Amino acid sequence: VPNSYESVEGGGYSGTSLQASLRHLHPFPSLSELSSALGGLGGVSELEAETLRPVNLLQERNILPPKHAPPPEPNLSNDLRKVNCSPDTFRCTLTNIPQTQALLNKARLPLGLLLHPFRDLTQLPVITSNTIVRCRSCRTYINPFVSFLDQRRWKCNLCYRVNDVPDEFMYNPVTRSYGEPHKRPEVQNSTVEFIASSDYMLRPPQPAVYLFVLDVSHNAVESGYLNVFCQSLLDNLEKLPGDTRTRIGFVTFDSTVHFYNLQEGLSQPQMLLVSDIDDVFIPTHDNLLVNLKESKELVKDLLNALPGMFTHTRETQSALGPALQAAYKLMCPTGGRVSVFQTQLPTLGAGLLQSREDPNLRSSTKNVQHLGPATDFYKKLALDCSGQQIGVDLFLLSSQYSDLASLACVSKYSAGSVFYYPSFHHVHNTAQSQKFQKDLQRYLTRKIGFEAVMRIRCTKGLSIHTFHGNFFVRSTDLLSLANVNPDSGFAVQMSIEESLADTSLACFQAALLYTSSKGKRRIRVHTLCLPVVSQLSEVFAGADIQAITCLLANMAIDRSISSSLSDARDALVNAVVDCLTAYRANGSNIQPSGLITPAALRLFPLYVLALLKQKALRTGTSTRLDERVFSMCELKSQPLLQIMRMAHPDLYRIDNMTEQAALHLNDSVIPQPPLLQLTAEKLTREGAFLMDCGSVMFLWVGKCCNETFIRDVLGYPNYASLPSNMTEIPELQTMYSERTRAFISWLLESRTFHPAHSILSFSRDDTSAKTSFFQHLVEDRTESAFSYYEFLLHIQQQMSK
């Protein structure tokens, strides 16, 4: 059978074997050799020579590329490259997989995967077929990297077993022809979705069920979040993912727990109050979770009434634990999603917490205490929820310490998400209020998968040993995700247990089995293929520095909770020291003075320094405990690009953007200003600078900024008249305004997920926003932290010990 998959295993088939097309590198070339032979070095492509070019970081100060560098492209044949998984979905820290654990140890780099498995996709091949073809031995789904021995047999690319091709697979629904199994969509696309049969169900697929659990204590009412929440849910009620079976319910709580009977036909919602919080019970099992279609008018009545129902409350207590126990009992029969809104420390009943923060220690350079939970109540509850397919999402809107380290466990182990709005107030803090509103809009309308499980398989010889993200590990490699959403990321660490010398390729496959909001059981499968190499130089050449940084961030968060923050920080510095020492020992045969890295790793020290200055891991800068813990939650559960923007934001000058090198998309001109290094040296008083931190954008306007920009883009006559609380760029009919808005829209749209954004601008007097802007300038020195150059000297010093 003529097909291009014969080469995949690289064994004795006709045609070019893949082995030949994987160019082998020489042992590490020295600087002089490289310069004399760039591009012509016995089979080293220019690209590889560039990734291996030695860079002296102490001399090359401008190492930040002016544009986002794409992820490294695996060194594969064109046929394989074309069908490989998108790096937005699946990235490996090393795009050249070392043959042995010994070679990996020599490189001193971490091996792991970063996944964004349920991200929003514009194109997704959906396969409806009676037979889902899988390996009989290891259960891998058939994919572009298997090989067909003939029309009737295929060889698994993970365990190498030979399997039969089922009759149905001989027919290709796309071309409507027989006898070409290698042209089926499952074998032409590395990301596919199967409509699953009843074999993939433990029970009939559940409906979409949404329960909202709302804090209505005095504190909550005072913050005004209920108004924003109720209005947002009213606006998006029609857009909640689901079908005719969708169910919805509400629970409110202060020192007692209140349920709402929304039975179709009632003239208004009925509140049922349960005051026995020590043994919370469900007052009636009917009509507390109702069919949204049938009871829509009552739901709207309740949402219109709720903000006013508690305006005069004197209740200051919070029985969050009992409210969650009630939610669990209510949702048990179906599973679904619980959204909890909390504004203070829980003070009554199960799960009550005491304040553990000492404000005097916020800027301590020593160890930070209380990063772990104070009680296992929330984790136990989450595990119970996970077992019944209930995911819990937590929205914490609080100006006081609320022990997020304990509360977050309810989402962490039930595959939920955590949102945090410090000092939320709907009037006094418009930026937070707008962010909450935009987050809610995304949250209520984004795709959702229910009762999901995810398994990651890899080539025989490789094994996964640690998972990062929000989930519960069911068996050694099965992640239980009661809910799955498109904004969550996962990471795994791997080791090489048996030599991969017999294969030229390593493959990884993630399969996510879930129930769609329309009640369909589906399996989304992603397969990634990478070359296996035997030379240390090749391992360095294929390093994906962003993936490495994100995996190390996950490992550091774990270390700071299991051991201590200072241990975690030391481990990050050592990761750089060890890797550059390994490169020096095994790499170049020149020993120049300076700090030498291969070009592929030139941003490693900068990114690690950025992590050390990130809220989650920094010391010596005043950091509220809840804000630190939230930052830790984010690093553990966000997709790669979001983590990178949090740690090392993108800085642009936007007051002098021109059409030079602009993108032209659908009739609009999108300027492409260069990325700037995160240092105050790059700021001028004459300019306006935009900093994109992922979930928030900052706009810093210099004192002497060009008045045309202030007038035509911001809509104010001069610098002095700029307000301190602008949160959006107005739509003005000027060329500068259109250009600036086009650039910002493009930044937001070119993400693989949709964060809510809020734009803050500050003038000279808005010190709080100015501080957060300057805290992100990671290359600069602070009272308690190195500048980038000092950090390089510190690394060099550690290497010479």
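Taking the range 670-715 as the range and being in contact with a helix residue (DSSP H, G or I) (Cβ under 8 Å, 6 or more places away or on another chain), β-branched (Val, Ile, Thr) and either surrounded by 17 or more Cβ atoms within 10 Å (Cβ to Cβ) or closer than 27 Å to residue 607 by Cβ (or both) as the test, the residues that pass are 670, 679, 696, 701, 710, 713. Restricting the first member to the range 553-577 and to residues that are open to solvent by less than 20 Å² (accessible area, probe 1.4 Å), and the second to residues that are among the small types (Gly, Ala, Ser) and not in a helix (DSSP H, G or I), the beta-carbon pairs closer than 7 Å and six or more apart or on different chains are 554/491; 557/616. Among the residues making up the range 438-492, those that are under 23 Å from residue 551 (Cβ atoms) and acidic (Asp, Glu) are 477, 487.
Residue count for the range 155-176, restricted to those that are open to solvent by 70 Å² or more (accessible area, probe 1.4 Å) and assigned to a loop (DSSP other than H, G, I, E, B): 4. Confirm whether residue 790 is under 27 Å from residue 606 (Cα atoms), under 31 Å from the mean Cα position of the chain (by Cα), at pLDDT 90 or above and not hydrophobic (A, V, I, L, M, F, W, C). For residue 790, the condition - under 27 Å from residue 606 (Cα atoms), under 31 Å from the mean Cα position of the chain (by Cα), at pLDDT 90 or above and not hydrophobic (A, V, I, L, M, F, W, C) - is met.
Among residues that are in contact with a Cys (Cβ under 6 Å, 6 or more places away or on another chain), in contact (Cβ under 8 Å) with a residue 60 or more places away in the chain and not assigned by the TED database to the domain that holds residue 628, residue 460 is included.
Can you name every residue in the range 89-106 that is surrounded by fewer than 22 Cβ atoms within 10 Å (Cβ to Cβ), among the hydrophobic types (A, V, I, L, M, F, W, C) and touching a residue at least 12 places away in the same chain (Cβ under 8 Å)? Within the range 89-106, 103, 104 meet the criteria. Looking across 52, 58, 80, one residue alone is modelled with pLDDT of 70 or more, surrounded by fewer than 18 Cβ atoms within 10 Å (Cβ to Cβ) and aliphatic (A, V, I, L, M). It is 58.
Restricting to the range 619-648, name every residue that is open to solvent by 20 Å² or more (accessible area, probe 1.4 Å), of a type in the set (Lys, Arg) and closer than 26 Å to residue 466 by Cα. Within the range 619-648, 636, 645 meet the criteria. Of the residues in the range 610-617, at least one is open to solvent by 10 Å² or more (accessible area, probe 1.4 Å), in a loop (DSSP other than H, G, I, E, B), farther than 21 Å from residue 57 by Cα and in contact with a Ser or Thr (Cβ under 6 Å, 6 or more places away or on another chain). Counting only strands (runs of 3 or more DSSP E) that sit completely within the range 634-701, those holding 2 or more residues that are more than 20 Å from residue 69 (Cβ to Cβ) correspond to 663-665, 668-670, 688-692, 697-701. Restricting attention to the range 527-542 and to residues that are crowded, with 22+ Cβ neighbours inside 10 Å and of a type outside the set (A, V, I, L, M, F, W, C), the residue that is farthest from residue 133 (Cα to Cα) turns out to be 537.
Assess whether residue 651 counts as being crowded, with 21+ Cβ neighbours inside 10 Å, of a type in the set (A, V, I, L, M) and either modelled with pLDDT of 90 or more or touching a helix residue (DSSP H, G or I) at 6+ places or on another chain (Cβ under 8 Å) (or both). Yes, satisfied. Among residues of the range 463-478 being touching a residue at least 12 places away in the same chain (Cβ under 8 Å) and of a type in the set (Ser, Thr, Tyr), the one that is farthest from residue 388 (Cα to Cα) is 463. Somewhere in the range 390-398, is a residue under 27 Å from the mean Cα position of the chain (by Cα), surrounded by 18 or more Cβ atoms within 10 Å (Cβ to Cβ) and among the acidic types (Asp, Glu)? Within the range 390-398, one or more residues are under 27 Å from the mean Cα position of the chain (by Cα), surrounded by 18 or more Cβ atoms within 10 Å (Cβ to Cβ) and among the acidic types (Asp, Glu).
The residues in the range 472-519 that are on the phi > 0 side of the Ramachandran plot and surrounded by 23 or more Cβ atoms within 10 Å (Cβ to Cβ) can be counted, and the count is 0. Scanning the range 331-351 for residues that are over 28 Å from the mean Cα position of the chain (by Cα), of a type outside the set (Gly, Ala, Ser) and surrounded by 23 or more Cβ atoms within 10 Å (Cβ to Cβ) turns up just one, 346.
The values are calculated or read from the model by the stated rules, or taken from the named source; none is laboratory data. Given the structure is predicted, the values throughout are model-derived calculations rather than measurements. Please note: Cβ atoms are built from the backbone with ideal geometry, for glycine as well, and neighbour counts cover all protein chains shown. Each accessible area value is taken on the protein alone, full model and side chains, heavy atoms only, with ligands, DNA and RNA left out. Shrake-Rupley method; radii C 1.70, N 1.55, O 1.52, S 1.80 Å.
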